[in-house]
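Report on the following structure.
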Amino acid sequence: MIDILREWLGPWYLYIKFVHVTFVMVWVWSTAHAYAYFVVPVFKAWRRHPDDDAVIVLRDWVMERFDHGVIYEHVAYPIILITGPLLYIAGGWSTAADWLVLKLALVVLITLPIEVLDYHLSHFGGNKAKIRATGDSEKYEAAIHQHWYFLLYSSPMIMPAALLIIFLAITKTHF
Ligand code: HEM
């Protein structure tokens with residue numbers, strides 16, 4: 001079965017890789033600008049002025065936009081997780097490629113749990129606009145805090161992991 005798939009996918013290898021790498025670029029960089037220049041400054045202002053209504057209105061607006069804008073990252077991620085295995089099969093890769101084993105360990109142990117939580121906080125139970133529509137301001141405030149702490153603790157982990165994954169994939173460093 002794998003051999004048939006490999007034969008069928010082989011001629012498309014570079015096209016699949018084009019999709020894989022293009023969506024890696026979207027996944028890594030699509031939220032960088034919004035996070036660094038909108039989310040972080042408004043949360044810093046909120047930390048300095050926790051009772052300022054104008055800052056809170058801006059904080060909520062930025063967070064709800066960020067929930068929306070992260071859709072680029074969250075469409076790109078599953079496409080990466082589909083095209084990666086296709087490349088693995090089409091290219092006849094194996095666990096003998098230690099760069100790939102370490103890369104996959106980082107993908108599964110770091111990026112996957114963080115992204116699953118991010119999907120929940122941004123689009124499902126934690127979506128701020130959906131909570132706002134329920135009129136439950138306490139739940140809304142709790143959701144804002146939860147998402148902020150998630151970003152604070154996950155960002156220092158996911159960025160180095162993402163760059164290390166890309167480094168391993170391109171340099172194919174052997175250990
Ligand atoms: C967040 C997840 C991932 C990121 C950031 C990522 C990143 C990359 C990058 C940047 C390349 C291009 C390397 C080059 O041009 O030489 C690449 C290639 C590749 N990736 Fe991924 N990848 C991810 C997930 C996966 C998964 C889950 C698999 C397999 C199960 C996978 C398998 C491969 C393979 C086989 C190649 C081709 C290597 C080559 O032809 O040079 N990737 N990946």
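Some values worked out for this structure:
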read-out: Count - residues of segment 131-162 that are within 12 Å of the ligand (Cβ to nearest atom) and without any contact (Cβ under 8 Å) to a residue 24 or more places away in the chain; value: 1
read-out: Scope segment 1-58; condition within 13 Å of the ligand (Cβ to nearest atom), over 19 Å from L163 (Cβ atoms) and among the aromatic types (F, W, Y); matching residues; value: W12, Y13, Y15, F18
read-out: Cross-chain or 6+ apart pairs with Cβ under 6 Å, segment 51-72 first and under 17 Å from F150 (Cβ atoms), then open to solvent by 40 Å² or more (accessible area, probe 1.4 Å) and part of a helix (DSSP H, G or I); value: V62/F38; E64/A129
read-out: Per-region count, segment 31-50, residues open to solvent by 30 Å² or more (accessible area, probe 1.4 Å) and either among the charged types (D, E, K, R) or touching a Gly at 6+ places or on another chain (Cβ under 8 Å) (or both); value: 4
read-out: Subset of segment 51-68 that is of a type in the set (A, V, I, L, M) and open to solvent by 60 Å² or more (accessible area, probe 1.4 Å) - its residue that is nearest to R132 (Cα to Cα); value: V57
read-out: Residue check, L117 open to solvent by 70 Å² or more (accessible area, probe 1.4 Å), over 17 Å from V21 (Cα atoms) and not β-branched (V, I, T); value: yes
read-out: Test result for P85, open to solvent by 60 Å² or more (accessible area, probe 1.4 Å), in a helix (DSSP H, G or I) and assigned by TED's automatic domain parsing to the domain that holds A36; value: no
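The values are calculated or read from the model by the stated rules, or taken from the named source; none is laboratory data. Treat the numbers as computed from the prediction; the structure is a model and nothing was measured. Backbone-built Cβ (ideal geometry, glycine too); neighbour counts: all protein chains shown. We work out accessible area using only protein heavy atoms, side chains counted, and drop any ligands, DNA or RNA first. Shrake-Rupley method; radii C 1.70, N 1.55, O 1.52, S 1.80 Å.
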